[in-house]
Amino acid sequence: MTIAEIKTEFYNAITNCKTVSELQDLKVKYLGKTGELTAVLKSIKDLPAEERPSFGAKVNELRKEMESCFGQRAELLKSEEMQRRLREEKVDISLTSYPRRGALHPVTLVEREICDLMIAMGFEVLSGPEIETDYYNFQALNIPEDHPARDMQDTFYVTDSILLRTQTSAMQARLMERKNPPLKVVCPGKVYRSDSDASHSPVFHQIEGLVVDKNITLCDLKGTLEYLASHLFGANTKVRFRPSFFPFTEPSVEVDVTCSNCGGKGCSLCKGTGWIELLGAGMVNPVVLENCGIDSTKYNGYAFGIGMDRVAMIKYGIPDIRLFFENDQRFLKQFSK
Ligand SMILES: [Zn+2]
């Protein structure tokens, strides 16, 4: 091969060289001990003596040219390779391939908030069984068999005498039987009734409050609920009592709070009344105290039961109770902080 042929072939080869390792192979091919240019240089001995110096000079010139080309090409390829790796190995920190943080369920948020407020007022937090006897759920609370009040609650029966509790009030008698007054407790938990529509679910959440001591009045109940409502729905929230009936309290009241949406002026949420019905409450019926072995001439008390799902619906503007139980992440993640 002539010097000119080697030169042409070399320039083609180096231009097509795409990686640093290909370039190194090429360098060996031309400039190595058994490389093309070395072979050409060895053929110098076959030339006439007078031609040897100029031939040797041309080969050396080409060698220098090639070395310079290798150097430049190597720089270029290294920098291209660096750019490619920066592109390909880039970590996109905006991609959410890492585990997403969970969020507390809105009912859990409400439960924790209410419990914190009650603890601050000196209440103890207790829990009771969800599978309950007819006695604790009804009879001890002054609701004997065939009492019309049982129709108010569509009950899931397990057997004739065992049922899924319809109210957290079932905890009252269990507690009063084993502990003497003064009592100051709340009991949050699941309750069950055979009912289902946009504002009723077969399972929902209540929190029961019970105070038994000497000289307890409706004013104590109202003060407690005002404190609770003002922290749950805003400082200007007002509370009103309307007379009602529950077998386990006497007198009994329905408790309304001023609408947190319109501040009491009237809107679609409160159906124009300015008030929202929140819970049932009353003074513990002396019959219930006596059923649990507490002297009703010495002690009295109040009780209330709050629907925590209802509180969450009002507080967060949730239109349908069933959303709480569908586990749709699009709904749940709205409550992530
Ligand atoms: Zn309103």
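Taken as a whole, the condition of being over 24 Å from GLU75 (Cα atoms), of a type outside the set (Asp, Glu) and either surrounded by 12 or more Cβ atoms within 10 Å (Cβ to Cβ) or modelled with pLDDT under 85 (or both) applies to ILE44.
Say whether the condition of being closer than 19 Å to SER169 by Cα and assigned by TED's automatic domain parsing to the domain that holds LEU278 is met by at least one residue in region 233-245.
Yes, some residue in region 233-245 is closer than 19 Å to SER169 by Cα and assigned by TED's automatic domain parsing to the domain that holds LEU278.
One residue is enough: does region 230-252 have a residue meeting the conditions surrounded by 15 or more Cβ atoms within 10 Å (Cβ to Cβ), in contact (Cβ under 8 Å) with a residue 40 or more places away in the chain and more than 39 Å from the chain's Cα centre (by Cα)? Within region 230-252, one or more residues are surrounded by 15 or more Cβ atoms within 10 Å (Cβ to Cβ), in contact (Cβ under 8 Å) with a residue 40 or more places away in the chain and more than 39 Å from the chain's Cα centre (by Cα). If you go through region 124-144 and keep only what is part of a loop (DSSP other than H, G, I, E, B) and farther than 15 Å from PHE246 by Cα, you end up with LEU126, SER127, GLY128, PRO129, GLU130.
Of all residues in region 290-319, those satisfying the criterion of being surrounded by fewer than 23 Cβ atoms within 10 Å (Cβ to Cβ) and more than 32 Å from the chain's Cα centre (by Cα) are GLU290, ASN291, CYS292, GLY293, ILE294, ASP295, SER296, THR297, LYS298, TYR299, ASN300. Screening region 150-218 for strands (runs of 3 or more DSSP E) wholly inside it with 2 or more residues that are touching a helix residue (DSSP H, G or I) at 6+ places or on another chain (Cβ under 6 Å) returns the ranges 183-192, 203-213. Of the residues VAL203, VAL211, the single one that is in contact with a Lys or Arg (Cβ under 6 Å, 6 or more places away or on another chain), surrounded by fewer than 20 Cβ atoms within 10 Å (Cβ to Cβ) and touching a residue at least 40 places away in the same chain (Cβ under 8 Å) is VAL203.
The values are calculated or read from the model by the stated rules, or taken from the named source; none is laboratory data. All values derive from a computational prediction rather than experimental measurement. Note: ideal-geometry Cβ built from the backbone for every residue, glycine included; neighbour counts use all protein chains shown.
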